[in-house]
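Worksheet: the structure to be examined is printed underneath.
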Amino acid sequence: MLGIKRLGLLAALVLVGVAPAAAAQAAAQPSTQDTQYLQAVHQVNLFEITAGDLAQQKGQNQGVKDLGAMLKTDHTQLDQTVQQTASQLGVELPNEPSADQQAVIDQLNNASGAEFDRLWVTSELAGHVQSIQATQTEISQGSEQSVVQLAQTALPILQTHYDELVQLANQLGIPVPQTSASGTPSPGGTGTESPAPGGTGTESPAPGGGTESPAPGGGTTESPAPSES
């Protein structure tokens, strides 16, 4: 009987010791904002690496080929930090681009020549607008410092890509996407031929995703569109 009582007391002490540890672990979990941003920006990187390869292989214009190589290199490096940060925080990342991104990749695979160049530049412009807006949202609304720092690192890279894309679009006579009042990019009024990698949702576009990884922080109205420098 005494042995049973001792076991019960021991079990109680173990539970008391575990409870604070469990509470600390729960408190360390990243917010929904931070988690969704990590997942979405990872999908952006997966898309950009594939799209960069396609630009180098299928681009007719040398500027498209060169910029594709730049995007692939930068997003590969950026994704190393994304994966490291997600691993440290226990965030599970998707292993493939979103459905909307894959639809763009499929269109790029089916295009060639000048049509490929136009589709690639247009979709890249629209996707980078969304990526920049979502990254700005993470910087202003994120709570996990490592994720906010990641966004701060990503923002100038994405902005540089956007500026290069604008210059290339102007050279090729390709319309630059404009943003609506809600901050949703419209690929130069070209309709549905070239959807943005980030999908077509108008309420909360993710940096690269469909419904699997909604945009961090919800709406994008407080995040201005990137300047066209």
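Observations on the model:
- Test for residue 155: is it touching a helix residue (DSSP H, G or I) at 6+ places or on another chain (Cβ under 6 Å), free of Cβ contacts under 8 Å to residues at least 24 places away in the same chain, among the hydrophobic types (A, V, I, L, M, F, W, C) and farther than 15 Å from residue 34 by Cα: yes
Listed here are the residues, each with its yes/no results for (1) without any contact (Cβ under 8 Å) to a residue 40 or more places away in the chain; (2) crowded, with 20+ Cβ neighbours inside 10 Å; (3) under 17 Å from residue 151 (Cα atoms); (4) out of contact with any strand residue (DSSP E or B) (no Cβ under 8 Å at 6 or more places or on another chain).
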{"position": "55", "(1), (2), (3), (4)": "no, yes, no, yes"}
{"position": "77", "(1), (2), (3), (4)": "yes, no, yes, yes"}
{"position": "88", "(1), (2), (3), (4)": "no, no, yes, yes"}
{"position": "99", "(1), (2), (3), (4)": "no, no, no, yes"}
{"position": "115", "(1), (2), (3), (4)": "yes, no, no, yes"}
{"position": "121", "(1), (2), (3), (4)": "no, yes, no, yes"}
{"position": "124", "(1), (2), (3), (4)": "no, yes, no, yes"}
{"position": "137", "(1), (2), (3), (4)": "no, yes, yes, yes"}
{"position": "140", "(1), (2), (3), (4)": "no, no, yes, yes"}
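- Which numbered condition residue 70 fails, given (1) assigned to a helix (DSSP H, G or I); (2) touching a residue at least 40 places away in the same chain (Cβ under 8 Å); (3) within 18 Å of residue 150 (Cβ to Cβ): (3)
- Every residue from the range 135-153 that is of a type in the set (A, V, I, L, M) and over 21 Å from residue 29 (Cβ atoms): none
- For the range 87-109, the set of residues classified as outside any loop (DSSP other than H, G, I, E, B), within 14 Å of the chain's Cα centre (by Cα) and among the hydrophobic types (A, V, I, L, M, F, W, C) consists of 99 only.
- The range 110-151: number of residues that are over 14 Å from the mean Cα position of the chain (by Cα) and farther than 17 Å from residue 71 by Cα: 14
- Filter result for the condition that a residue is among the acidic types (Asp, Glu) and within 23 Å of residue 164 (Cβ to Cβ), over 106, 79: 79
- Yes/no for residue 28 being hydrophobic (A, V, I, L, M, F, W, C) and at pLDDT below 95: yes
- Answer residue from the range 152-181, given it is within 19 Å of the chain's Cα centre (by Cα) and modelled with pLDDT under 95 and is surrounded by the fewest Cβ atoms within 10 Å (Cβ to Cβ) among those: 179
The values are calculated or read from the model by the stated rules, or taken from the named source; none is laboratory data. Remember, it's a predicted structure, so these values are computed and weren't measured experimentally. Backbone-built Cβ (ideal geometry, glycine too); neighbour counts: all protein chains shown.
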